[in-house]
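What follows draws every value from the coordinates through simple rules; no lab data is involved. None of these values were measured; they are calculated from a predicted model. Note: ideal-geometry Cβ built from the backbone for every residue, glycine included; neighbour counts use all protein chains shown.
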Amino acid sequence: MARGHGRAGGYDRWVVLASFLAGLVFVIAATVFCVVRGARLWRHLKQTGRAVGTEVAQFEERSARTERVLAEAESASAELQAALERLRRSRAQLEVLLGAVERAKARTRWLRAFLPV
């Protein structure tokens, strides 16, 4: 066959056109596939972002609550330390008073002989 009679560079024009169209169909199908997958991925990422955001908000709320409880515990601990210090002072005063009573008893022991029991 002579050049220009349906052959382009040794190939039939219909074969070249069919190959081009098949390639175009594959490219369009791949583009549609990628767009659909991308849309699914986008929806999934939005859903995951909301779930993560909710969890982060809950975590922040729990950590704030824990911080408040720790502050209250620290305050209670300070109050407890102050109460313990007051108790130590009171016990020291009691020991001094008990010692004074024992000394007074020892000094007045000889009076028991004259008192009826």
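Only a single item in (1) of a type outside the set (D, E, K, R); (2) surrounded by 10 or more Cβ atoms within 10 Å (Cβ to Cβ); (3) not in a helix (DSSP H, G or I) is not met by L115, and it is number (2).
Select, from A106, A100, the only residue that is exposed (fewer than 10 other Cβ atoms within 10 Å of the Cβ) and on the phi < 0 side of the Ramachandran plot. Break it down into steps so the answer makes sense when it comes.
Working: A100 fails: exposed (fewer than 10 other Cβ atoms within 10 Å of the Cβ).
Exactly one of A106, A100 is exposed (fewer than 10 other Cβ atoms within 10 Å of the Cβ) and on the phi < 0 side of the Ramachandran plot, namely A106.
Does A73 fit the bill of being part of a helix (DSSP H, G or I) and surrounded by fewer than 10 Cβ atoms within 10 Å (Cβ to Cβ)? Full working, then the answer.
Numbers: part of a helix (DSSP H, G or I): yes; surrounded by fewer than 10 Cβ atoms within 10 Å (Cβ to Cβ): no.
Taking the combined requirement at face value, the residue does not satisfy it.
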